[in-house]
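S.K.: Structure incoming, see below.
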Amino acid sequence: MALRLILGLGMTFVALAVAGRRIWWLTRLIRSGQPTSGRTDDAGRRLRAHLIEVFGQRKLLNWSVPGVAHFLTFWGFIVLALTILEAWGALFDADFHIPLIGRWAVIGFLEDFFAVAVLVGLATFAVLRVRQAPARQQRDSRFYGSHTGPAWLILAMISAVVVTLLLYRAAQVNTGVFPFGDSWAPFASHAISIPVDGLGETANEAIETIFVLANIGVILSFLVLVTYSKHLHIGLAPVNVTTKRLPDGLGPLLPMESNGVPINFEDPDEDATFGRGKVEDFTWKGMLDFATCTECGRCQSQCPAWNTGKPLSPKLVIMDLRDHLFAKAPYILGEKDTPEKVPDFIAETDERAHSVPESGYPRVIGSNDQQAHRPLVGTAEQGGVIDPDVLWSCTTCGACVEQCPVDIEHVDHILDMRRYQVLIESAFPSEAGVMLRNLENKGNPWGMSAKSREDWMTGLSFDVRKVEGEIPDDVEYLFWVGCAGALEDRAKKVTRAVAELLHTAGVEFAVLGAGETCSGDPARRMGNEFVFQQLGQQNVETLNAAFGSRTTRKIVATCPHCFNSLAREYPQLGGEYDVVHHTQLLGRLIDEGRLVPVEPVDGLVTYHDPCYLGRHNKVYTPPREVLAAVQGIRTQEMHRCKERGFCCGAGGARMWMEEKIGKRINVERIDEALSLDPDVVSTACPYCMVMLSDAVTAKQQSGEAREDVEVLDVAQILRRSLATPAPAPVAD
């Protein structure tokens, strides 16, 4: 008894010392990040998020089979913590039981149930890893690029924890020191005790001692391994979830901060940090994100860039940033001095590198002077941690953030790196520069004159009211047309349809006309926060002047990107408005009986969710309800829809950049739509309209799509279902 006490306590002391040293190092490193605000406010919502996502495993359960397996394993950890107390207690007293509850049969049952459940969960993980092994599926595997070796070791160690647990409990049953006596509630322990019983009492006492120590040893080894591996998420995920951003949907892009304070672009501090040019420029929350990544690859499996052959994997971005952060840590923490001379970066094959071609970190291996100086974004020749092609492939669709079970904010980190590249390095795709100049000089991405913003009104059977000064009292909504809605031919048809529907429903609305300018979304998603601030402040001044002293400031927008900017991002600039998307308003008008679809529209329709309407703002139901109200329509969902919808490829300012790598994202999306043989591919976004229309046209020209397949906005379909409006009265 004394020997096992000495061995048990000795192992415990050594393991806690080793793990504690690593935890202290990680704490210092993460706390070295830039400060950031708003991560600990609203304690009630944070507690609720913690309970739902950590204890309820909400995001994990979105994937049923691995989700249930992880749920069982997670709760197994919680419940089997009782057996850890029992094992350590057995070092001091062979007849130990937890005070008060330690002999309850229900506790014994739960311990054995979850011991078996964990083994079932681990077996499920093993099967999934074999079936989805990168060696089998290459890039199609969500584990491609992950550290699969340590993952197998972790599975083995957790299995060893459960097996040693059941074996020492079985021996306890036979030696008469089992906390739950002869009760068969701990069914697994009793079942295993039967074959072990024949070995005799002495053998069972030895088995108990051996496997109590083995159980403690495996648990302590597991603790140490966790602190040095990707399984840090076991301890960090609850913290990361609790300190995540709390929008409904992905929410607005955060304003640029330096040292925790928003940057004043009119008079920035001389030492202000614009975006992330070095890994130490990230906030502590960013560093926490990097350390929390589980390498599960859910983000990678959903990323439209990755799924079309591009080098961007959200998982690999976070892994590369984490590995670079850890390698540069001695320089960040002051343990090593950074030399003034910048070394040459020569990419070499290193046997220590765990890498795939899309990963940038392994270009420089080790914690060395090269690591201290290497650029955060750069080519292989420059020794960059993140390749420019990776950075600029992102459409900011948010699929990665939506799927991440530990709430890593991939899009924020990618855009923060873009901000530095654009504002400090002036390094971005050349074609995007044309778009930025057009925004600055003409107020729209196409460089067209402001007068052209009113061309869409030509030919309507009624006059569209334009705001001159303040909005008249009888006008209920300001109709924000947007650049695409006013200037792009296909989107102009949608604008006309929405205007006709509002007029038919008797909704009084007005537009800014030539007084409207770009919302700034393309500039902000590209990384040019300065241009966004200029455009946004100009629009806020215009809108505030138009609404005057109104307390209710209603805006309807057809573009989800404008909708997101006006509703979610303009409050950062002093603009507070009640913004609805046109599908929300149209659905409301149908419910109120102010719009009554009477003409059947025959055909099969499949609806494409715009990312900035769906994932970013959680508007999934209204467009579908509008379609459901139209007689004759048959609808069928694409495989990737709603929360798992697939991007059209236009977001993140990608609409104005050439797609030179892999398959075009819009073509991938249309291939999925055409597999249903629809008559209409519907959407609710002008960007999506352009991208999907272009893809359908290409397919029709190659003979891969029927000539009569149309791409229509939800509003256009609804407009077809209404009787033709009466012509405008002729003046006497």
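S.K.: Tell me, what is the Rg over Rh of region 1-118, with Rh the Kirkwood radius over Cα pairs?
M.R.: My calculation puts Rg/Rh at 1.07.
S.K.: OK, next. Relative to the longest principal Cα axis of the chain, at what angle does helix 410-423 sit, 0 to 90 degrees, rounded to 10?
M.R.: 60
S.K.: Based on the Cβ-Cβ distance from residue 367 to residue 461, what FRET efficiency comes out when R0 is 51 Å, to the nearest 0.05?
M.R.: Plugging the Cβ-Cβ distance into 1/(1 + (r/R0)^6) gives 0.10.
S.K.: What relative contact order, as a whole-number percentage, does the chain give when Cα pairs under 8 Å and 6 or more residues apart are counted?
M.R.: Here the relative contact order equals 11 percent.
S.K.: In Å, what Kirkwood hydrodynamic radius results for region 446-506 from the alpha-carbon pair distances?
M.R.: About 12.5 Å, per the Kirkwood formula over Cα pairs.
S.K.: About the Cα centre, and with charges only on the beta carbon of Lys, Arg (+1) and Asp, Glu (-1), how big is the dipole of region 560-603? Nearest 20 debye, please.
M.R.: Roughly 100 debye for region 560-603.
S.K.: To the nearest Å, what is the center-to-center distance of region 626-700 and region 155-188, using C-alpha atoms only?
M.R.: 56
S.K.: Projected onto the charge dipole of region 488-569 (+1 at Lys/Arg Cβ, -1 at Asp/Glu Cβ, origin at the Cα centre), which of 536, 491, 518 gives the Cα projection farthest towards the positive end?
M.R.: Of 536, 491, 518, it is 491.
S.K.: At 1.4 Å probe size, what's the solvent-accessible area of residue 627? Round to the nearest 10 Å².
M.R.: Roughly 10 Å² of residue 627 is accessible to a 1.4 Å probe.
S.K.: For region 577-649, just the Cα atoms, rotate onto the principal axes and tell me the three extents in Å, largest first.
M.R.: Principal extents (Cα only, largest first): 36, 34, 16 Å.
S.K.: Right, something else. So if we plug the beta-carbon distance of residue 588 and residue 157 into 1/(1 + (r/R0)^6) with R0 = 60 Å, what FRET efficiency do we get, rounded to 0.05?
M.R.: Efficiency, rounded to the nearest 0.05: 0.60.
S.K.: Calculate how many DSSP beta bridges within the chain are antiparallel, expressed in % of all such bridges and rounded to the nearest 5.
M.R.: Taking every DSSP beta bridge with both residues in the chain, the antiparallel ones total about 10 percent.
S.K.: Nearest 10 degrees, 0 to 90: what angle lies between the long axis of helix 665-674 and the longest principal axis of the chain (Cα atoms)?
M.R.: The angle comes out at about 90 degrees.
S.K.: Might you tell me the accessible area per residue for region 1-107, computed with a 1.4 Å probe and given in Å²?
M.R.: For region 1-107, the per-residue accessible area is 57 Å².
S.K.: OK, next. What does the convex hull of the alpha-carbon atoms of region 205-264 project to on average, in nm²?
M.R.: 7.3
S.K.: Further, regarding this structure: Just the number, please: carbon plus sulfur as a percent of the accessible area of the chain, 1.4 Å probe, no ligands or DNA/RNA counted.
M.R.: 56
S.K.: Show the residues, 5+ positions off or on another chain, whose built amide H is closer than 5 Å to the amide H of residue 476.
M.R.: Hits under the 5 Å cutoff: 508, 509.
S.K.: Turning to a different aspect of this structure: Per residue, how much accessible area does region 475-620 have with a 1.4 Å probe, in Å²?
M.R.: Spelled out: the 1.4 Å probe surface of region 475-620, per residue, equals 29 Å².
S.K.: Work out Dmax and Rg for region 298-454 from the C-alpha atoms and quote the Rg first, both in angstrom.
M.R.: Both quantities, over Cα of region 298-454: 18.3, 63 Å.
S.K.: Hey, what number do you get for the chain at 222 nm if only DSSP H runs of n ≥ 4 count, each worth -39500 (n - 2.57), divided across all residues, to the nearest 500?
M.R.: Helix-only estimate at 222 nm: -15500 deg cm²/dmol.
S.K.: Per residue, what accessible area does region 153-262 have, given a 1.4 Å probe and all protein chains present, in Å²?
M.R.: On a per-residue basis, 38 Å².
S.K.: Related question: Quote the FRET efficiency, to the nearest 0.05, computed for residue 210 versus residue 28 with a Förster distance R0 of 60 Å and r equal to the Cβ-Cβ distance.
M.R.: 0.95
S.K.: So, one more: Going by amide H atoms built from the backbone, whose H comes under 5 Å of the H on residue 683, apart from near neighbours?
M.R.: Placed amide hydrogens put 608, 712, 713, 714 under 5 Å from residue 683.
S.K.: Pairs 278/315; 230/328; 285/328; 230/285; 59/310: which are spaced more than 21 Å apart, C-alpha to C-alpha?
M.R.: Pairs exceeding the cut-off: 59/310.
S.K.: With only alpha-carbon atoms in the gyration tensor, what are the semi-axes of the equivalent ellipsoid for region 292-349, in Å, largest first?
M.R.: Output for region 292-349: semi-axes of 30, 16, 8 Å.
S.K.: Further, regarding this structure: Over the residues of region 163-317, compute the C-alpha Rg and express it relative to 2.2 N^0.38 Å.
M.R.: In units of the 2.2 N^0.38 Å rule of thumb, it is 1.75.
S.K.: Then there's this: Evaluate the distance, in nm, between pseudo-label points positioned 7 Å from the Cα of residue 55 and of residue 21 along their respective Cα→Cβ axes.
M.R.: About 3.7 nm separates the two model spin labels.
S.K.: Taking the radius of gyration and the Kirkwood hydrodynamic radius from Cα positions alone, what is the Rg/Rh ratio for the chain, to two decimal places?
M.R.: Rounded to two decimals, Rg over Rh is 1.04.
The values are calculated or read from the model by the stated rules, or taken from the named source; none is laboratory data. Keep in mind the model is a prediction, meaning the values are calculated, not measured. Every residue, glycine among them, receives a Cβ derived from its backbone with ideal geometry; neighbour counts consider all protein chains shown. Note: accessible area is taken over every heavy atom of the protein model, side chains too, but ligands, DNA and RNA are not part of it. Shrake-Rupley method; radii C 1.70, N 1.55, O 1.52, S 1.80 Å.
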